[in-house]
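K.L.:
Take this structure, written in structure tokens, and hold onto it; I'll ask about it next.
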Amino acid sequence: MLYVFASDGLSKYNMLLGPSCGFDITCIDEKTIAITTGDSTRRIGIDIINTEQRQKIKSIDLPGCSYGIARNQDSLFACVEGRGILKVNTVDYTTSHVISCNLPILSYVSVFDNKIYYTDWRDNSVVCCDRKGSHDWTFKDVSVLNYPRGITVDNDGNVFVVGVKSANVVIISNDGKHHRKS
């Protein structure tokens with residue numbers, strides 16, 4: 001179920017997402033959103049929804065369960081279990097493989113400038129790659145960050161990651177060499 005609220009906090013409307021369920025969400029533009037289906041048993045991939053028309057306008061099938069999603073310019077980046085990071089063009093919905101790796105379920109992604117950042121809870125790591133998939137750096141320190149999940153990047157390239165088992169937010173410098181806990 002998609003719940004849409006006005007800026008004053010009042011409910012505008014609800015929309016069924018069936019037959020799939022939602023896991024993560026990102027805005028494409030002011031009236032279009034993309035929702036990953038997680039481990040839905042009915043359909044796996046990304047649903048594109050027009051929030052003005054209140055309807056699903058496109059379903060994009062992916063080769064595995066999709067979890068975290070982010071938008072950057074005219075592309076969506078999705079974490080696909082066992083496959084890595086896939087890029088979807090928001091104009092023609094073509095897909096391409098950007099980063100090949102054995103991503104576990106519940107991985108998240110963020111994109112900033114020419115970098116892609118993703119979490120791998122199984123390895124307790126945060127990985128930074130360029131947009132072509134070349135590895136830049138990996139942050140891994142279980143005493144600081146345990147079971148990383150949600151991720152975002154600020155305008156200076158600092159990476160913010162939620163540690164589920166460490167019960168914190170860790171801020172990692174844009175070069176991956178420094179960190180602090182909050």
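K.L.:
Name the one entry in Val142, Val162 that is at pLDDT 95 or above and either buried (at least 18 other Cβ atoms within 10 Å of the Cβ) or within 26 Å of Gly22 (Cβ to Cβ) (or both). Break it down into steps so the answer makes sense when it comes.
P.N.:
Values: Val142 fails: either buried (at least 18 other Cβ atoms within 10 Å of the Cβ) or within 26 Å of Gly22 (Cβ to Cβ) (or both).
Exactly one of Val142, Val162 is at pLDDT 95 or above and either buried (at least 18 other Cβ atoms within 10 Å of the Cβ) or within 26 Å of Gly22 (Cβ to Cβ) (or both), namely Val162.
K.L.:
Picking from Ser100, Ser110, Ser75, which residue would you name as being within 17 Å of the chain's Cα centre (by Cα), more than 30 Å from Glu30 (Cβ to Cβ) and not acidic (Asp, Glu)? Can you show your working first?
P.N.:
Working: Ser110 fails: more than 30 Å from Glu30 (Cβ to Cβ); Ser75 fails: more than 30 Å from Glu30 (Cβ to Cβ).
Going through Ser100, Ser110, Ser75 in turn, the sole match is Ser100.
K.L.:
State which residue is farthest from the chain's Cα centre (by Cα) when the search covers only segment 159-182 and only residues that are of a type in the set (A, V, I, L, M) and in a loop (DSSP other than H, G, I, E, B). Write out each step before concluding.
P.N.:
Keep residues of segment 159-182 that are of a type in the set (A, V, I, L, M), which gives 159, 161-162, 164, 167, 169-172.
Imposing the further condition that a residue be in a loop (DSSP other than H, G, I, E, B) reduces the set to 164, 167.
Numbers: Val164: 16, Ala167: 20 Å.
Checked segment 159-182; the qualifying residue farthest from the chain's Cα centre (by Cα) is Ala167.
K.L.:
Please state which one of Ile48, Ile25 is out of contact with any Leu (no Cβ under 7 Å at 6 or more places or on another chain) and either surrounded by 17 or more Cβ atoms within 10 Å (Cβ to Cβ) or at positive phi (or both).
P.N.:
On the way: Ile25 fails: either surrounded by 17 or more Cβ atoms within 10 Å (Cβ to Cβ) or at positive phi (or both).
Of the residues listed, the single one that is out of contact with any Leu (no Cβ under 7 Å at 6 or more places or on another chain) and either surrounded by 17 or more Cβ atoms within 10 Å (Cβ to Cβ) or at positive phi (or both) is Ile48.
K.L.:
For segment 6-25, check the following and say yes or no: at least one residue is closer than 21 Å to Tyr93 by Cβ and charged (D, E, K, R).
P.N.:
Within segment 6-25, one or more residues are closer than 21 Å to Tyr93 by Cβ and charged (D, E, K, R).
K.L.:
Do any residues in segment 144-167 that are farther than 12 Å from Val126 by Cβ have Cβ atoms under 8 Å from those of residues that are at pLDDT below 95 and in a loop (DSSP other than H, G, I, E, B), where the two are at least six apart or on different chains, and which pairs are they?
P.N.:
Gly157/Asp113
Residue by residue, here is whether (1) buried (at least 20 other Cβ atoms within 10 Å of the Cβ); (2) within 18 Å of Thr138 (Cβ to Cβ) holds:
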{"residue": "Ser66", "(1), (2)": "yes, no"}
{"residue": "Val80", "(1), (2)": "yes, no"}
{"residue": "Ser96", "(1), (2)": "no, no"}
{"residue": "Tyr108", "(1), (2)": "yes, yes"}
{"residue": "Lys115", "(1), (2)": "no, yes"}
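K.L.:
While we're on this one: Quick one: would you say Ser40 is surrounded by fewer than 19 Cβ atoms within 10 Å (Cβ to Cβ) and among the polar types (S, T, N, Q)?
P.N.:
Details: surrounded by fewer than 19 Cβ atoms within 10 Å (Cβ to Cβ): no; among the polar types (S, T, N, Q): yes.
No.
The values are calculated or read from the model by the stated rules, or taken from the named source; none is laboratory data. In this text the structure is predicted, and so the values were computed from the model without any measurement. Cβ sites come from the backbone with ideal geometry, for glycine too, and all protein chains shown count toward neighbours.
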